[in-house]
């Protein structure tokens, strides 16, 4: 992999003309070109031009491509060094994230090699049906078209240039234009180099991939509103995600926008669990809240319990554990300022007490913090459920189980919701589970929300404002369905059908044939 | 079934307070109450209140409910009489549509009885995995919440009160509020009575169903913007569908809007097919264009061929066949006016010639019409691709195959696209198929788009402006996925899991367990 950073936009894998406007990355590894509206047009025109060829590549070609990106990334240590310099994330964490990134690419390679994800359905003709003959109809998912991916700051590898959105879109057969996060442009260029090397090896059309750098809202809007853009993936703040959603809704042709915008991930601690293992829960919670300086979408920012003596002891224990965690450097300075602003906003609310250093920020580092408020205060002040991105949690002392349920009902949409309970607690918490099913995409019992498992059953999504599309996940194999659409073929001769729908089922995928799921052909 | 029409809004199955504002149905069967914003609130509050109970009913209960609605409808001849009086559709057609409506309800009953639609996925724990234990994660689809259905005018049974949207939403476990089409309110009340009778038999909470009458846009917007509304189904015009989509996009919490807005359904006639069976194609096309006075979403409103002598003969044949079809009464007078306006608009375009009576409308009846234009005229005037709802088709004479492909590329999104070709034609039309895959939800070879088969492989949807959500279908079993969302359960004790995710697989559904599809439990 070449190691000299161009600092240029990469349009259809080629460095674009140098821009007159540039910006400097936080780690000061290089200067990077701001993209122009003309760059957006060029990237989308190239993607559109490459789409027909790319979507017709065999699953094996695309799988080889994804595997090859994974190998490039696996062996590129400069990626870790760049990410470390740009994001301040520790190398050990970045190394694990690199493993996850490569793992995701290989997971989608395996998924499309197996092939059943296309949801093939065949209803064979019955020419002599009365009163009308039944036609032969066959349906499967095909790729939706060019996808624009806005990468996240908090996962510079796994939710960035070669991250989950890119992997799932390319697996489906969609060209991808990545808008790099300006907090790690060098890491982004190195990851792009890995993708481009893999494209070359496999021989894909250049328009399949572009990387654009920008710090400007109008470029983001131009990408979302471009007529050739057919879907958008985004991970970031509610404000930015909603702005993209609104920009897409104003398009003449609406398109899906999958914005994952984080949440406070409420964690309910029931009395029996506290009695059995209060200390262990406090330890686990402290770890989950402060992991990676609290910069995870699944960070448990809201801890809810029944305000008895045991709960107060648990909170004091949590406070002293959090006090032992040193301040940590956040991904970029603005996050630290916004964390501090959030802490000050919460502390100023009457009825909210606060533990932790008076200022969260010293030398751009964020110190862990705990806020405590009563259930009634929470019910009176809905802003207590707003996310404060960083290593803090808001503890809510409820006066009763009814108040706890009332709080659960009041929650906005979440990525996750967690319950800690003893066997006896869990026997009595069906109503709480029922409320939380309406509030979150993933429910956890006796665990912690951070550490999202990448597997077919994972759901990383949830009701708004956690995401803009409650039907979708950005982690796990089901993520590929975001970038596909169904097409039915009626009365088609076999020569015009995709292999997935041929009589003989040459790909041996699972298909619903005349209502029965089978891998057989005929 | 009771036969006296109340003319009232039915909120949670109870007649609402009489309204001071009423409107009269076209067939003059009764006067109907205009609903108020308070009626909207009451219907959604009831739906929200009933949702928790309804979504926890067993699949068997919901299937019995759907079957029961089907039986009520099957045996209600007054439904046909009312629909005939209100829509002018012939009784034979309405009787077939009633069969389809009952068939759809039974199809969804069978689908949820079988149960695999929930897409259950289980990844079992690996406690000793290194470096971190793998948690137990299980995922399935659950109902999305209360659904508002706007019913269509052109299918007073199959796309109306007890039609496909209602059947699929209720099958998933979602309460439904139907906004009745004001062109057939009596039919709507009778269908509502069938649903309510079935609810009573099965013992469902009343909030599961409401029927609101309205002729006013503000009520439609209030329904779409109500905080408890979680999804919207609509079939109708582009203008109305887009207005609902825009209203939903302005909500604080965005929701899916499935608006099916019709299309011109281009039909390509290739030279070999004309040589082999030009007369038969003309006959089939005439039938498809004029069926039901052209009031189908899948009406072929655009016929495209290579402008040689044989094609001209085909067009003359089509013209004379269309001339034999008597004018027909449209669903309501405004449609007839709008058909005539569309005809005049098209005739006035330079380069467009027109066959058929000088005026389309005589005594509220619409006469078939054919327009003819060159490929170049079509390329110059994109409005030739706008839908004219009624028994007409625009014939495009192309100068070359390249021009035909250019026209295909220029098409807006469609529900269907059709190719008539001989074996030799079809061998050479891969590029046309490839273009049309990007344009339509269903591709048809050597058939006609009207007569949508209701089956698992059907796709009734397509790129905008055919629908607002290219990922969805409003016909066939996949329609249920519009009203569901995934939830993952991590580390759950079996007692808190839905039966679909229990170890033993008591429902014997297909599940993806550790990456393998199986009906076995363990």
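We did not get these values from a lab; they are worked out from the coordinates using the rules stated. Owing to the predicted nature of the structure, the values given are computational and were not obtained by experimental measurement. Counting neighbours? That spans all protein chains shown, and the Cβs are built from the backbone with ideal geometry, glycine included.
Kirkwood hydrodynamic radius computed over segment B:209-353 comes to 18.4 Å, based on all pairs of distinct alpha carbons.
Once you have the Kirkwood Rh of segment B:401-522 from its Cα pairs, apply Stokes-Einstein at 10 °C and 1.306 mPa s and quote D in µm²/s.
In µm²/s, the coefficient rounds to 89.
The stretch between residue A:71 and residue A:246, if pulled fully straight at 0.36 nm per residue, gains 59.2 nm over its current Cα-Cα span. Measuring max minus min along each principal axis, the C-alpha atoms of segment B:1-147 give extents of 74, 38, 21 Å (largest first). The mean number of Cβ atoms from other chains found within 10 Å of a Cβ in peptide B:133-140 is 5, as a whole number. Decide, for segment B:40-113, between rounded, prolate and oblate: order the square roots of the alpha carbon gyration tensor eigenvalues as a ≥ b ≥ c, take rounded if a/c falls under 1.5, and otherwise choose prolate if a/b is larger than b/c, else oblate. Oblate. Normalised by the number of residues in segment B:266-445, the average gap of Cα pairs under 8 Å and 6 or more apart makes the relative contact order 29 percent.
When the square roots of the Cα gyration tensor eigenvalues are ordered a ≥ b ≥ c, the ratio a/c for segment A:82-193 is 1.5 or more and a/b exceeds b/c, which makes its shape prolate. The distance separating the Cα centre of segment A:442-473 from that of segment B:179-213 comes to 36 Å. Global size of chain A: 24.7, 81 Å for Rg and Dmax (C-alpha atoms, Rg to one decimal, Dmax whole). Highest average first, the peptides A:193-206, A:12-25 ordered by how many other beta carbon atoms sit within 10 Å of their residues are A:193-206, A:12-25.
Helix B:238-249 and the longest principal axis of the C-alpha atoms of chain B enclose an angle of approximately 30°. Kirkwood's formula applied to the C-alpha pairs of segment A:266-445 gives a hydrodynamic radius of 16.2 angstrom. Computed from Cα atoms, the angle from the helix B:309-323 axis to the main principal axis of chain B rounds to 70 degrees. Peptide A:449-455 shows a mean partner chain C-beta count of 4 within 10 Å per residue C-beta.
In terms of Cα atoms, the Rg and Dmax of segment A:211-266 work out to 11.7, 39 Å. Under Stokes-Einstein, with the Kirkwood radius over Cα pairs as Rh, the value for the protein assembly as shown at 37 °C and 0.692 mPa s is 109 µm²/s. May I ask you to derive the FRET efficiency for residue A:4 and residue A:215 from their Cβ-Cβ distance with R0 = 22 Å, giving the value to the nearest 0.05? That gives a FRET efficiency of 0.45.
Listed peptides A:212-221, B:32-41 appear in the order B:32-41, A:212-221 once ranked by packing, highest mean of other Cβ atoms within 10 Å at the front. Derived from the Cα gyration tensor, the three semi-axes of the equivalent ellipsoid of segment A:157-207 are 18, 13, 9 Å, largest first. Here residue B:217 yields copy-to-copy label distances, from shortest upward, of 2.8 nm, the label point defined as 7 Å from Cα along Cα to C-beta.
Averaged over the residues of A:232-240, the number of partner chain Cβ atoms lying within 10 Å of the residue Cβ comes to 0. With contacts taken as Cα pairs under 8 Å at a separation of at least 6 residues, segment B:430-512 carries a relative contact order of 17 percent. Nearest beta carbon of chain A to the A-to-B rotation axis, with distance in whole angstrom: A:249, 2. Between segment A:260-326 and segment B:482-517, the C-alpha centres lie 28 angstrom from each other. Here the relative contact order of chain A, from alpha carbon pairs under 8 Å that lie six or more residues apart, stands at 17 percent.
Quick check for you: which residues of segment A:40-71 have the amide N under 11 Å from the point 7 Å beyond the Cα of residue A:201 toward its beta carbon? So the set is A:64-71.
Solvent-free Debye calculation, one equal scatterer per alpha-carbon of segment B:250-324: log10 I(q)/I(0) at 0.15, 0.21, 0.27 Å⁻¹ equals -0.56, -0.93, -1.28.
Provide the FRET efficiency to the nearest 0.05 for the residue A:95-residue A:61 pair, computing r from the beta carbons and using R0 = 35 Å. So the FRET efficiency works out to roughly 0.75. How far is helix A:185-202 tilted, in degrees, relative to the longest principal axis of the Cα atoms in chain A, given as a value from 0 to 90 rounded to the nearest 10? It is inclined by approximately 30 degrees. Ranked from shortest, the separations from the 7 Å Cα-to-Cβ label point of residue A:95 to its equivalents in the other copies are 7.8 nm. Sorted shortest first, the separations between the residue B:522 label point and its copies elsewhere in the assembly read 3.4 nm; each point sits 7 Å from Cα along the Cα-to-Cβ line.
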